[in-house]
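Undergrad: My questions all concern the structure below.
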Amino acid sequence: MKPVTRRLCLAAPLLAALIPSTEAQVVWREGIPVYTPLIDQLGAPQSQGTAYYVAQQTVNQPPQPQVGQTYYVALVMAAIASPPAGRLMAPHLQLPTGTSVVANPATPLRCFYRPMDGSGGYVEFTQQALTDLSFGASLRIAGCPQPSAAPLPLRIVGDGGSGLQIERRDPQNNSTVWPMGSYAAYQFLVPVVSNRLMSGFGTDAHLRAPTLSIQGDYGQLWAYPELSLLVHVGTMTRADMAITDLAVIAASSPQNRRVRGRCRNLGPDPAQNASCSFQLLPPGASSSCTPSSPQASRTLNAFIECVTEFPASPDGNTVELRANASTPDPNPQNNGMGISTTPGSAGMLLFRSGFET
C-alpha cells in the first residue's frame with residue numbers, strides 16, 4: 001500500500017490545458033477531502049481507501065466568475081489504498097440555488113483519468129476512449145457525459161436528497177458507473193453558471209458531490225465532499241466594517257453603566273447599508289448612534305458612533321457591538337466585539353464574539 005505523503009491536488013498540466021495562457025491568475029479553490037474505507041490486499045482495514053474533494057475555478061484579478069459567466073467546478077476521486085477487487089463509482093452533483101449545468105459544446109464537461117498503477121499524470125478522455133494496461137489489465141475508460149447531448153439525470157443519493165449523476169455514457173458498455181482499480185483516479189470538470197452573488201462561505205452556497213463507492217468488502221458507501229462557491233457581481237466591491245473603538249465611559253448616574261463604540265469602514269470600497277448596533281442589552285437600556293444607523297453608504301474611514309446606557313447589574317453586564325453592511329466583507333473576524341463591566345467599578349474585559357476561525 002502506498003502511504004499518503006501530500007494532499008491530493010489538481011494536476012498543473014490539467015490547469016494549463018483548461019485556461020488561456022493570458023489568464024495567469026486562475027486558481028482552484030479546493031474543499032476538504034473526505035474518505036471511504038476499504039480492506040486492502042493484505043486484509044487490513046484502511047480508513048482512507050478512496051479520497052474525494054470538490055473544487056472551483058476562479059480568477060483573482062479581475063474577480064471571476066461573475067454572475068452569468070460560465071466556470072468549471074471539479075470533482076476529484078482518487079484511490080489511495082488498493083483492495084483485492086476494484087470499486088465502481090457513481091458521482092453526483094448537488095448545486096446551490098441559482099447555479100445550473102451549462103449545456104454548450106463550446107464548454108464541454110471534461111473527464112480525466114489516472115492509470116491504476118498511479119504512474120504519470122491525468123489523461124483526458126472527453127472525446128475518446130482510453131485503455132488502462134496497468135498490472136496486465138485491459139480496462140476501457142470512455143463515456144464522458146455531455147450535457148449538450150443529454151442532461152445529467154437526477155438521482156436519489158444516500159442521505160435522501162437528489163443529485164445530478166455524472167454518468168458513464170460508453171456506447172460499448174451499458175453501465176453508468178465508473179470502474180476504479182488500485183491507485184486510479186478521476187477528475188470531472190463540469191461547466192456551470194450562477195445567477196446570483198455567492199460569498200464563498202455559508203450553507204446557501206454549498207456545492208456538494210455525493211459519491212457512491214460500490215465495493216465487495218464494505219458494500220455501498222457514500223462520501224459527501226463539499227465547498228461553498230464564490231461568485232462575484234460585476235466588479236467586486238469589498239468593505240471591511242470593523243469595531244475600532246469600544247470603551248466604558250462616564251455614566252449619567254453611579255447606578256448606571258455607559259458604553260461607547262465605533263463601527264468604521266476600513267475599505268477599500270464604500271460600505272452600502274452600513275449599520276452599527278449594540279446587542280445583548282439588559283432591560284432598561286437606551287442607545288443612540290451618530291449618524292443614525294443604518295446609513296445608505298459609508299465611505300473609506302467613515303464611521304458610525306453608538307452609545308448605550310443601562311442600569312448596572314449586581315453581577316456585572318456584558319454587551320456586544322456589531323458592525324454590518326451589505327457590501328461583501330473581506331475580514332468578518334472584526335465585525336463583532338463584546339465588553340464586560342464589573343459591578344461598582346469601571347473594570348472591563350474586551351472579547352471577540354463569534355467570528356474567530
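The values are calculated or read from the model by the stated rules, or taken from the named source; none is laboratory data. As the structure is a computational prediction, the values presented were derived from the model and not from experiment. Virtual Cβ from ideal backbone geometry, glycine too; neighbours counted across all protein chains shown.
Undergrad: Does S313 satisfy the condition of being surrounded by fewer than 19 Cβ atoms within 10 Å (Cβ to Cβ), of a type outside the set (K, R), over 16 Å from D269 (Cα atoms) and in the same structural domain as Q255 (by TED's automatic domain parsing)?
TA: In short, yes.
Undergrad: Determine which member of the set T99, T131 is closer than 19 Å to L227 by Cβ, surrounded by fewer than 22 Cβ atoms within 10 Å (Cβ to Cβ) and touching a strand residue (DSSP E or B) at 6+ places or on another chain (Cβ under 7 Å). Don't jump to the end; show me each part of the working.
TA: Working: T131 fails: closer than 19 Å to L227 by Cβ.
So the residue among T99, T131 that is closer than 19 Å to L227 by Cβ, surrounded by fewer than 22 Cβ atoms within 10 Å (Cβ to Cβ) and touching a strand residue (DSSP E or B) at 6+ places or on another chain (Cβ under 7 Å) is T99.
Undergrad: In region 191-204, which residue that is in contact (Cβ under 8 Å) with a residue 60 or more places away in the chain and of a type in the set (S, T, Y) is farthest from N104 (Cα to Cα)?
TA: Initially, region 191-204 is screened for residues in contact (Cβ under 8 Å) with a residue 60 or more places away in the chain, giving 191-200, 204.
Add one more test, that the residue is of a type in the set (S, T, Y), and what stays is 194, 199.
Working: S194: 15, S199: 26 Å.
Among those that are in contact (Cβ under 8 Å) with a residue 60 or more places away in the chain and of a type in the set (S, T, Y), it is S199.
Residue by residue, here is whether (1) β-branched (V, I, T); (2) modelled with pLDDT under 90; (3) in contact with a Lys or Arg (Cβ under 7 Å, 6 or more places away or on another chain) holds:
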site: N195; (1), (2), (3): no, yes, no
site: Y224; (1), (2), (3): no, no, yes
site: R238; (1), (2), (3): no, yes, no
site: A242; (1), (2), (3): no, no, yes
site: I249; (1), (2), (3): yes, no, yes
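Undergrad: Which condition number does Y122 fail, the rest of (1) in contact with a Ser or Thr (Cβ under 9 Å, 6 or more places away or on another chain); (2) more than 14 Å from L93 (Cα to Cα); (3) crowded, with 18+ Cβ neighbours inside 10 Å being met?
TA: The one condition Y122 does not meet is (1).
Undergrad: Taking the stated definitions as given, is R168 of a type in the set (K, R), assigned by TED's automatic domain parsing to the domain that holds P225, surrounded by 20 or more Cβ atoms within 10 Å (Cβ to Cβ) and out of contact with any Pro (no Cβ under 9 Å at 6 or more places or on another chain)? Talk me through it step by step, then tell me what you get.
TA: Details: of a type in the set (K, R): yes; assigned by TED's automatic domain parsing to the domain that holds P225: yes; surrounded by 20 or more Cβ atoms within 10 Å (Cβ to Cβ): yes; out of contact with any Pro (no Cβ under 9 Å at 6 or more places or on another chain): no.
For R168, the condition - of a type in the set (K, R), assigned by TED's automatic domain parsing to the domain that holds P225, surrounded by 20 or more Cβ atoms within 10 Å (Cβ to Cβ) and out of contact with any Pro (no Cβ under 9 Å at 6 or more places or on another chain) - is not met.
Undergrad: I've got another one for you. For region 122-143, how many residues meet the condition of being of a type outside the set (V, I, T), in contact with a Lys or Arg (Cβ under 7 Å, 6 or more places away or on another chain) and assigned to a loop (DSSP other than H, G, I, E, B)?
TA: Residues of region 122-143 that are of a type outside the set (V, I, T), as a first pass: 122, 124-125, 127-130, 132-140, 142-143.
Filter once more, so that each one left must be in contact with a Lys or Arg (Cβ under 7 Å, 6 or more places away or on another chain): 122, 124, 129, 143.
Adding the requirement that they be assigned to a loop (DSSP other than H, G, I, E, B) leaves 122, 129, 143.
Of the residues in region 122-143, 3 are of a type outside the set (V, I, T), in contact with a Lys or Arg (Cβ under 7 Å, 6 or more places away or on another chain) and assigned to a loop (DSSP other than H, G, I, E, B).
Undergrad: What is the number of the single condition among (1) more than 24 Å from the chain's Cα centre (by Cα); (2) modelled with pLDDT under 80; (3) surrounded by 12 or more Cβ atoms within 10 Å (Cβ to Cβ) that T318 does not meet?
TA: So the condition that T318 fails would be (2).
Residue by residue, here is whether (1) buried (at least 21 other Cβ atoms within 10 Å of the Cβ); (2) part of a loop (DSSP other than H, G, I, E, B); (3) in the same structural domain as T126 (by TED's automatic domain parsing); (4) in contact with an Asp or Glu (Cβ under 8 Å, 6 or more places away or on another chain) holds:
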| position | (1), (2), (3), (4) |
| --- | --- |
| Y186 | yes, no, yes, no |
| V192 | yes, no, yes, no |
| F201 | no, yes, yes, no |
| L221 | no, no, yes, no |
| A251 | no, yes, no, yes |
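Okay, residues lined up against (1) closer than 15 Å to T211 by Cα; (2) assigned to a strand (DSSP E or B):
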position: T36; (1), (2): yes, yes
position: G43; (1), (2): no, no
position: Q46; (1), (2): no, yes
position: G49; (1), (2): yes, yes
position: Y52; (1), (2): yes, yes
position: T58; (1), (2): no, yes
position: Q61; (1), (2): no, no
position: Q69; (1), (2): no, no
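Undergrad: Now for a separate question. Under 6 Å by Cβ, and 6 or more places apart or on different chains, what pairs join a residue from region 205-218 that is assigned by TED's automatic domain parsing to the domain that holds I166 with one that is among the β-branched types (V, I, T) and in a strand (DSSP E or B)?
TA: Between residues of region 205-218 that are assigned by TED's automatic domain parsing to the domain that holds I166 and residues that are among the β-branched types (V, I, T) and in a strand (DSSP E or B), the close pairs are L207/V54; L207/V73; A209/V54; S213/T36; S213/T50; D217/I39.
Undergrad: Only one of (1) within 24 Å of the chain's Cα centre (by Cα); (2) part of a loop (DSSP other than H, G, I, E, B); (3) over 12 Å from L109 (Cβ atoms); (4) at pLDDT 95 or above is not met by L152, so which one is it?
TA: (3)
Undergrad: In addition: Mind listing whichever residues of region 83-105 are of a type in the set (G, A, S) and in a loop (DSSP other than H, G, I, E, B)?
TA: Going residue by residue through region 83-105, those that are of a type in the set (G, A, S) are 85-86, 90, 98, 100, 103.
Once the filter is applied, which keeps residues that are of a type in the set (G, A, S) and in a loop (DSSP other than H, G, I, E, B), region 83-105 yields A85, G86, G98, A103.
Undergrad: Checking the conditions here, which among R238, R262 is surrounded by fewer than 21 Cβ atoms within 10 Å (Cβ to Cβ), of a type in the set (D, E, K, R) and within 27 Å of the chain's Cα centre (by Cα)?
TA: Numbers: R262 fails: within 27 Å of the chain's Cα centre (by Cα).
Result of the check over R238, R262: R238.
Undergrad: Could you say which residue among L281, L246 is in a loop (DSSP other than H, G, I, E, B) and not assigned by TED's automatic domain parsing to the domain that holds R155?
TA: Details: L246 fails: in a loop (DSSP other than H, G, I, E, B).
Unique residue meeting the criteria: L281.
Undergrad: Report, by residue number, each residue of region 283-300 that is exposed (fewer than 14 other Cβ atoms within 10 Å of the Cβ) and either out of contact with any Asp or Glu (no Cβ under 8 Å at 6 or more places or on another chain) or more than 30 Å from S253 (Cβ to Cβ) (or both).
TA: P283, G284, S288, P291, S292, A296, T299
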